[in-house]
Amino acid sequence: MKRRSWWLLVVWSLILALALAACGGGAAEPPAGDAGEVAEPTAETAAEEPTAAAEEPADEGAAAEGDNIIIKLAENPWSASMINANVARILLEEELGYPVEIVTIDENAQWASLATGDLHASLEVWPSGHAENVAQYIDDQGVVENGGLLGPVGKIGWYIPSYMVERNPALATWEGFQDPAAAAEFATAETGDLGQFLAGDPSWVQYDADIITNLELPLQVVNAGSEQAILAALDAAYSREEPILFYFWTPHSIHAKYELTEVALPEHTEACYAEADTGGVACDYPGDDLFKIFWAGLAEAAPDAYTLLKNMNYSTEDQITMVAAVELDGKTADEAAREWLAANEATWRAWMPAE
């Protein structure tokens, strides 16, 4: 009896030991290696365990390396600016693969946005009205870059229909408007006895009120509010051969549609425009070599886009053709730009970055 109990005790002890081993009993020890260190995982254990990248979702907002930034182009409120932006947009998107956003913005407000990189390029700057901006943002701070000439040469001026000069040849120069009776022909209900000088958007570069005051002309500036409003007023007056004196510029399609005479003002001088800040302008607007401006970081952030925009250059006649397609033929800026691009591939191919 004692022998059987002893054997039973041995058997049960063995069974218990085997059970504990099968269940992993006891404290687990780190794999072999230096004391306190965890051994490198084997190929098998690595395959079984998820990596840190797999455990954490990717940041959807972060752009992958090599992605193109969204190029933001300024569009100022006149037809040529809209067309310039569309020519560039089409090439950037369809030839170089950049996403593009066209931002409508005042020509003065755009400088601060370009300085911070909120805008990347403006493709038509009239230098006569932006000497201070050039000095501040380009010359002094270096946060905006002169992107080179666009090509067209612009000129702001005072215009009247040529039939008014046929009636009174003195109106071809500013001296003709010194006569109160002659100026009164241009009067409206808004200006009373004074002749009306029709200006555009108040944000445009314009010294007409100063010129009128300093030349002592019996005229009063009235703002039409936009290029389209000036054109509507001109069309209405021209159709009835009525007087109209207005602010406008070249290049523009109206010079192909209407017979207009630019009123000769005193010759432009640098000394005259040196008085601009104090209201002292009493002379004509200068001729303007239109140029482009860029965010100073564009070349590094988007080198191919920078190269294209830097090289972008066409003639005054090219621009007038596109503007006329919009303003005379009723095409959109996109349609006018595409027509020009289709007919002038040799020109724009030369703008593209080297492959």
Quiz item: Using a 1.4 Å probe, how large is the accessible area of ARG167, given in Å² and rounded to the nearest 10?
Solution: 130 Å²
Practice problem: For LYS310, go through the lysines and keep the ones whose alpha-carbon is under 16 Å away, minus same-chain ones fewer than eight residues off. | Solution: LYS72, LYS292
Exercise. Keeping all protein chains in place, calculate the accessible area per residue for the range 130-186 (probe 1.4 angstrom), answer in Å².
Key: 43 Å²
Practice problem: Diagonalise the Cα gyration tensor of the range 162-261 and give the resulting equivalent ellipsoid semi-axes, square root of 5 times each eigenvalue, largest first, whole Å. | Solution: 19, 17, 13
Quiz item: How long, wide and thick is the range 263-355, going by the Cα atoms along their three principal axes, in whole angstroms, largest first?
Solution: 51, 40, 20
Exercise. At 7 Å along the Cα-to-beta-carbon direction for both GLU94 and ASN311, put a label point, then send me their distance in nm to one decimal.
Key: 1.8 nm
Quiz item: When the scattering of the range 104-215 is computed by the Debye formula from its Cα atoms alone, each counted once and equally, what is log10 I(q)/I(0) at q = 0.11, 0.12, 0.16 Å⁻¹?
Solution: -0.54, -0.62, -0.85
Quiz item: Straight-line reach from LYS257: which lysines have a Cα under 20 Å away, not including same-chain ones fewer than 8 places off?
Solution: LYS155, LYS331
Quiz prompt | Fully extended contour minus Cα-Cα distance, from ALA354 to VAL153, at 0.36 nm per residue | solution = 69.5 nm
Quiz item: Amide H of ASP288: which non-local residues (sequence gap of 5 or more, or other chain) have their own amide H closer than 5 Å, using H built in the peptide plane?
Solution: GLY154, LYS155
Quiz item: Sorted by average packing, counted as other Cβ atoms within 10 angstrom per residue and highest first, what order do 246-253, 225-232 take?
Solution: 246-253, 225-232
Practice problem: Could you please state how large a percent of the accessible area of the range 205-355 is carbon and sulfur, counting protein chains only and using a 1.4 Å probe? | Solution: 47 percent
Exercise. Taking 7 Å along the Cα-to-C-beta vector as the label spot, tell me the VAL205-ALA189 distance in nanometres, rounded to one decimal.
Key: 3.6 nm
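The values are calculated or read from the model by the stated rules, or taken from the named source; none is laboratory data. Since the model is a prediction, treat every value here as computed from it, not as a measurement. Ideal geometry is used to build each Cβ from the backbone, glycine not excepted, and the neighbour counts take in all protein chains shown. Surface accessibility is based on the protein's heavy atoms, side chains included, excluding ligands, DNA and RNA. Shrake-Rupley method; radii C 1.70, N 1.55, O 1.52, S 1.80 Å.
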